[in-house]
Each structure stands twice: as structure tokens, then as C-alpha cells.
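Nothing in this text is a laboratory measurement; each read-out follows from the coordinates by a stated rule. Quantities reported herein were computed from a predicted structural model and do not represent experimental measurements. FYI the Cβ positions are ideal-geometry reconstructions off the backbone, even for glycines, and counts take in every protein chain you see.
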Amino acid sequence: MNLIFRLIRILFLGWLRPNMHPMDPSAIAFRAWPTDLDINIHMTNSRYFALMDLGRTELILRNGIFGLVLKHKWQPVISVSTIRFKRAIKPFQRFHLETQALYWDEQGFYLEQRFVADGKTLALAVVKAVFISRTGVVRPTDIYKKLGLDDPSPEVPSWFSGWPDIESAIEQRLGAI
């Protein structure tokens, strides 16, 4: 509930800011408030993921996908996410969350989300975002077509080439439990 004011801000600004292409990056400015901190007096791990939700919300608001979500009653969900923390976000520190789609496959969009301050990356996350309809996962190519676009997916970045193996390993482990 303590993110409600941030969500309202994202929704309001998302409709005011210019539209963008689905592959364009978005950036949102934040400040670490006392409610974002843990006992180590830096931003708690869970807050990163909550703010990443807001970053993705802003992205789909501005690239037109949010309208499709409402129209078709899709649910945007994250099927896989991972994050690497490099530097702590301190109390009252200003930072930006940059969100950008990297590529897509038949099942979902792969996004990079970076927490940045003073030109330095504080944390880097990669998520697989999918849209669920009543009949299952909505293919990214179908979403692009509904947006009036026919762009092919960018190539998988070379630094990201190990992701499908990690995702498959986790999926197999989940099936074994």
C-alpha cells in the first residue's frame, strides 16, 4: 500500500508523457524514502522488485500495450526475474529506473531494468514479461500486430545468451518439486 502514491504518479505521468515505440527505453526518477529501507539502512531487496513493477507499468502505458491490456482483459505478469545488486541505494538518494525491452520470443518479452545514480549502475535486473489471456499466453508478435507494427525481434544480446538455459533449468527444478 505504501507504493500507492508512486503508482498514481506513474499513471498520471504515463498518460502525459509522449508515446513511444515498444523497444524505446523509459526512465523514471525516484528517491529512496525511509519506508523503502531495511535494517541495514539501505533500500530493501523487495523494494527493487516493487519499483520494477512501476517501471514496467510506465513502459506499457507509453508504448500502447496498456490499452490492449484493458481492451482484451489481458494480465501482464512476470514469469522469470533475476537481479544483481552492485551498490546500495542509501536513504533519500535520488536514482533512476531505466526499463527497456531487449528482445522477444514466442512466449514473452525480455526486459532489462537498471537502477542508476550519478551515471553508475546500482543494480541490474532482467525479467521475462508475458501477457496472459483467457486462452493462455499472448504471443508478442500478436501484440506487435495489434499495435500496427511488424518489426522483427532484435537479436538476443551476446551477454544474455545464457538466459534460456537458466530459465529451462529452473523450470525443470520446479517440475521435480
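Data for the structure
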read-out	value
Exposure proxy ranking, count of Cβ atoms within 10 Å, fewest first, for Ile170, Ile143	Ile170, Ile143
Prolate/oblate/rounded label for the range 49-116 (Cα gyration tensor, a/c 1.5)	prolate
Mean-position separation - Cα centroids, the range 98-145 and the range 39-66, in angstrom	12 Å
Lys pairs, the chain - Cα-Cα below 19 angstrom, 8 or more residues apart or on other chains	6
Within the chain, longest stretch free of exposed GluC sites (Glu not before Pro) [DSSP loop, at most 12 other beta carbons within 10 Å]	1-105
Neighbour-count order for Ser161, Ser81, Ser26, fewest beta carbons within 10 angstrom listed first	Ser161, Ser81, Ser26
Inter-site label distance for Met20 and Tyr103 at 7 Å from Cα along Cβ, in nm	2.2 nm
Global form of the range 82-145, assessed from the alpha-carbon gyration tensor, a/c cut-off 1.5	prolate
Equivalent-ellipsoid semi-axes of the chain, from the Cα gyration tensor, Å, largest first	26, 21, 16
Theoretical ellipticity at 222 nm over the chain - DSSP helices of four or more residues, -39500 (n - 2.57) apiece, nearest 500	-10500 deg cm²/dmol
Likely footprinting exposure, Asp36, Asp53, Asp150, Asp105, fewest C-beta neighbours within 10 Å first	Asp150, Asp105, Asp53, Asp36
Label point distance in nm, Ala50-Lys71, each placed 7 Å from Cα along Cα→Cβ	3.3 nm
